[in-house]
Amino acid sequence: MFFHRIGQQNLSPRGREYVPDGLLFESAETKAKANGFPEEWKRYEFGRAVVESKRWARPLDRRSGRRGEETAPSTQMLRYLRRIDDITGGTLRWGILTNGSKWRLYFSGARSVSEQFFELDIAAILNLPGHNEGLFALKDDRRHWLKVFLLIFRRKAFVPAGADPRTFHEKALEEGKFYEERVAEDLSNKVFGEVFPDLVRAIVKAAPDADLQAVREATLILLYRLLFILYAEDRDLLPVKDTRYDDYGLRNKVRLDVKERKDKNDVFSEIAARYWGEMADLFIAIDRGDASIGLPPYNGGLFDQ
């Protein structure tokens, strides 16, 4: 069930720029073979995964602002995997990144290593206070996700079994490609086949004399602002765990409220601009930044007033 581990093996012949927290081996024999090399960076060729562990609940995709935490942990992991790929020729391709609460599995062979990782929130799965709330709270399926956690991060998942040279993860990746294509197609159809036309019709209804090209551009800006916020809140790129932010983000004030009202078959006003006011305020805060609610500026132009 458990890995054999060596801590903090330097990936570089000199300096301390590339030093992951741990190197994991499938057996005591491979660990001993790796330790036979005095150069630490040569030991990675015998490993099954590299691990980087951070303090509890530290943000994984951004700097925390604390001293010694100037680099995002996800950036560290990507640098480690690139370096490991160079020195091992691709024999070690898996990285585990965790802050105790969230556990990520990275694969250096992914099309986009920075985006295509597998993540589970063990704090939510265990129903720890403050970690299993909101729109995506786990309920009766927590036992299932605990089994998934053990299945994904156990030692056997990284080691070929029997005559098949593929590991559990490699088999899962191959099967996942089929479902990925289906989900991408469904999502594209939903966004551009339903949501986009609905937004266009709403804007035209509100401003019937507007130029159609201006309507199209306004719709795209609004659509991509919403997609950005939904994605950023679900990935903690916006400070959703900060109690100062939760009164201004979309998750509680808009998403959860809309969901609960739709579940009750409630009526939505065609005149009141309640939700638009919440969104407009957040758009400005994202563009300018608002230190009072823990929000840095994301001034790439999308939210420019």
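Do you know which residues across segment 96-134 are more than 12 Å from Leu78 (Cα to Cα) and open to solvent by 40 Å² or more (accessible area, probe 1.4 Å)?
Trp103, Arg111, Phe118, Glu119, Leu126, Asn127, Leu128, Pro129, Gly130, His131, Glu133
Is segment 163-175 home to any residue that is open to solvent by 90 Å² or more (accessible area, probe 1.4 Å) and touching a Leu at 6+ places or on another chain (Cβ under 9 Å)?
No; the residues of segment 163-175 include none that is open to solvent by 90 Å² or more (accessible area, probe 1.4 Å) and touching a Leu at 6+ places or on another chain (Cβ under 9 Å).
Looking only at segment 7-28, how many residues end up being at pLDDT 80 or above, over 14 Å from Tyr80 (Cα atoms) and open to solvent by 20 Å² or more (accessible area, probe 1.4 Å)?
Adding up the residues that qualify gives 4.
Which of (1) open to solvent by less than 70 Å² (accessible area, probe 1.4 Å); (2) under 22 Å from the mean Cα position of the chain (by Cα); (3) closer than 23 Å to Ala57 by Cβ is the odd one out, the single condition Tyr248 does not satisfy?
Only one criterion in (1) open to solvent by less than 70 Å² (accessible area, probe 1.4 Å); (2) under 22 Å from the mean Cα position of the chain (by Cα); (3) closer than 23 Å to Ala57 by Cβ is unmet by Tyr248, namely (1).
Starting from residues that are more than 32 Å from the chain's Cα centre (by Cα), open to solvent by 50 Å² or more (accessible area, probe 1.4 Å) and in contact (Cβ under 8 Å) with a residue 12 or more places away in the chain, keep the ones in segment 29-55 and report whichever is nearest to Phe168 (Cα to Cα).
Only one residue fits best here, namely Lys33.
Considering each of Glu119, Glu115 in turn, give the residue that is of a type in the set (D, E, K, R) and in contact with a Lys or Arg (Cβ under 9 Å, 6 or more places away or on another chain).
One residue alone meets the criteria, Glu119.
Return the residue satisfying two criteria in turn: it lies in segment 66-118 and is among the aliphatic types (A, V, I, L, M) and not in a loop (DSSP other than H, G, I, E, B), and of such residues it is nearest to Arg55 (Cα to Cα).
Ranking the candidates gives Leu97 first.
(1) surrounded by 14 or more Cβ atoms within 10 Å (Cβ to Cβ); (2) out of contact with any strand residue (DSSP E or B) (no Cβ under 9 Å at 6 or more places or on another chain); (3) within 26 Å of Asp257 (Cβ to Cβ): which one isn't true of Arg79, the others all being true?
That leaves (3) as the condition not met.
Quick one: which of Leu212, Leu222, Leu237 is at pLDDT below 90, surrounded by 10 or more Cβ atoms within 10 Å (Cβ to Cβ) and either touching a Pro at 6+ places or on another chain (Cβ under 8 Å) or not polar (S, T, N, Q) (or both)?
Selected residue: Leu237, the only one of Leu212, Leu222, Leu237 that is at pLDDT below 90, surrounded by 10 or more Cβ atoms within 10 Å (Cβ to Cβ) and either touching a Pro at 6+ places or on another chain (Cβ under 8 Å) or not polar (S, T, N, Q) (or both).
Considering segment 233-285 alone, what residues qualify as being assigned to a helix (DSSP H, G or I), touching a residue at least 24 places away in the same chain (Cβ under 8 Å) and not charged (D, E, K, R)?
Correct list: Leu250, Asn252, Val254, Leu256, Met279, Leu282, Phe283, Ala285.
Would you confirm whether or not segment 178-190 contains a residue that is part of a helix (DSSP H, G or I), over 22 Å from Val258 (Cβ atoms), hydroxyl-bearing (Ser, Thr, Tyr) and open to solvent by 70 Å² or more (accessible area, probe 1.4 Å)?
Checked segment 178-190: at least one residue is part of a helix (DSSP H, G or I), over 22 Å from Val258 (Cβ atoms), hydroxyl-bearing (Ser, Thr, Tyr) and open to solvent by 70 Å² or more (accessible area, probe 1.4 Å).
Give the residues of segment 122-178 that are over 20 Å from the mean Cα position of the chain (by Cα) and of a type in the set (Gly, Ala, Ser), sorted by residue number.
Matches in segment 122-178: Ala157, Ala161, Gly162, Ala163.
From the list Thr88, Thr71, exactly one residue is among the β-branched types (Val, Ile, Thr) and open to solvent by 30 Å² or more (accessible area, probe 1.4 Å). Which is it?
Every option except Thr71 fails the conditions.
Show the residue pairs meeting these rules: Cβ distance below 7 Å; 6+ apart or different chains; first residue within segment 57-85 and within 23 Å of Leu11 (Cα to Cα) and acidic (Asp, Glu); second residue outside any helix (DSSP H, G or I) and open to solvent by 50 Å² or more (accessible area, probe 1.4 Å).
Cβ pairs passing all conditions: Glu69/Arg63; Glu70/Arg63.
The values are calculated or read from the model by the stated rules, or taken from the named source; none is laboratory data. Nothing here was measured: the structure is a model prediction, and the numbers come from that model. Here the Cβ is made from the backbone with ideal geometry for all residues, glycine too, and neighbour counts use every protein chain on show. Surface areas here come from the heavy atoms of the whole protein model, side chains and all, with no ligands, DNA or RNA. Shrake-Rupley method; radii C 1.70, N 1.55, O 1.52, S 1.80 Å.
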